[in-house]
Amino acid sequence: MRTFSKIALPALLLGGAQIAYAQDAGTGEANAEALADEAGPDEAALSSIEDPVYGVDPAEFPEPVAIDTVQREWPPYLGAYDPDDIDERGIWQQMEEVERKLATQKDILRDQSLNGYLEEVLCNTVGPERCSGVRIYVLRDASFNAAMYPNGMMVVHTGALLRLRTEAELAFLLGHEFAHYEERHGLQAFKKARSTTDGMAFFAMAGAAGSIVSLLMLSDLLGFSREQEQEADLVSTEYLGASRYTQRGAADVWVRMLDEDDARAEERKRGKRGRNTEWLDSHPAPFVRATYIDRAREIEDTTGIDERDRYTRKLAPFLSGFFDDQLKRNDFAASQYILDEIAADGWTADLLPLRGELYRSRGGAEDLTQAIGFYSEAISLGNNNPETWRGLGLAQLRSGAREEGQASLRKYLELQPDAPDAAMMKMMSGGL
């Protein structure tokens, strides 16, 4: 394990017994208050009511101290790793083949602007020398996930991008994955697998990694331990402390994940999860992670910027598609929570149609009435997107408003005559 230059690791963890209660984040008041309680009286005193981890939007904070007035320094660079024996060279060759196949998969989002943005944030987070050896791939998958492989291949799921709220949170996520790479966690996992029957499974899986499913199975096979996940969290927090970004958002990510699962639990009438790390869990529980990250952040300086507005602008072209993937999970409560977080500053003409899609997808009578209202409000605010008219028309037809629905679908076809579903929509709109 690395030696932390700023973070007193034993003080943060307060002994191995307390690792189990330190995880999850978000902006929900109940979970944020619980996080403050877990910090203990001394640590709680270090926090103020103005801290965003405890329920206030970061936009309400005063302007951050100019970065060039703060002494910031990245951890010592360990350098790029060169495989030093035949087995390690073998895994590198296998991973290069996996990466070659991955690059051709239809589920990989190939957008130069998005990839360039992620690469820029990674370099801002860990430094230009470190980031040069990493290739980032964006996977169209609605889960909150990312993965790092021993050869420098990083895979970021669109579900993670959908749930993040600031560029600083993105920096924490990318820094966490990079920490696995720099600390050689993937290589350690391979060496462990090599000493067991999992070694045979790895080479079989790597050789067959021609699909996203096999890639994810390979990632599970080379999974990291709870201790490695914890180390990556804290190393990433250290990266943030040396970068242009604030560390404040690192714990917020896990609080929101806890809040999202609480919303899901309430809808499904099951118990709440994520407070404690169970014996067989591969990752620390979300509340556990939020607590030890927040303690680390209190010890560190808290200057830096979150770049909330910039992240929103960069994600805007992809938001509708990413949210559509989330809707396909048939997880209404979680989807509603995510969308409410995105719209925390108000429902805009671009966000209201997503709200319409959410309620239309559930399809109850009251849901359809609300969906029609959301689409209509978006249109009144100037949204003339063809998909907005399509959603409105389909909701109206399902609610029994036949003439209004057909008129809306005709407007959709007028705006997008070459739509992929034009033939079906023409028939539904009463055309020939």
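The values are calculated or read from the model by the stated rules, or taken from the named source; none is laboratory data. The shown structure was predicted, so the numbers you read here are calculated from the model rather than taken from an experiment. Reconstructed Cβ throughout: ideal geometry from the backbone, glycine too, with neighbour counts over all protein chains shown.
Some notes on this structure:
- Leading residue by the ranking (farthest from Gln326 (Cα to Cα)) among those in segment 341-361 that are in a helix (DSSP H, G or I) and of a type in the set (Ser, Thr, Tyr): Tyr359
- Just one of the listed residues (Arg140, Arg135, Arg163) is surrounded by 24 or more Cβ atoms within 10 Å (Cβ to Cβ), under 20 Å from Asp107 (Cβ atoms), touching a residue at least 24 places away in the same chain (Cβ under 8 Å) and of a type in the set (Lys, Arg), namely Arg163.
- Of all the residues in segment 115-159, those that are more than 26 Å from Gly304 (Cα to Cα) and acidic (Asp, Glu) number 1.
- Just so you know, in segment 224-233 the residues that are part of a helix (DSSP H, G or I) and surrounded by fewer than 23 Cβ atoms within 10 Å (Cβ to Cβ) include one that is farthest from the chain's Cα centre (by Cα), and it is Glu227.
- Looking at Ala263, Ala251, Ala242, just one residue is closer than 24 Å to Ile305 by Cβ, modelled with pLDDT of 85 or more and assigned by TED's automatic domain parsing to the domain that holds Asp306, and that residue is Ala242.
- Per this entry, Gly431 is counted among residues that are surrounded by fewer than 19 Cβ atoms within 10 Å (Cβ to Cβ), on the phi < 0 side of the Ramachandran plot and not in a helix (DSSP H, G or I).
- Of all positions in segment 350-367, at least one carries a residue that is of a type outside the set (Lys, Arg), surrounded by fewer than 19 Cβ atoms within 10 Å (Cβ to Cβ), farther than 19 Å from Met428 by Cα and touching a residue at least 12 places away in the same chain (Cβ under 8 Å).
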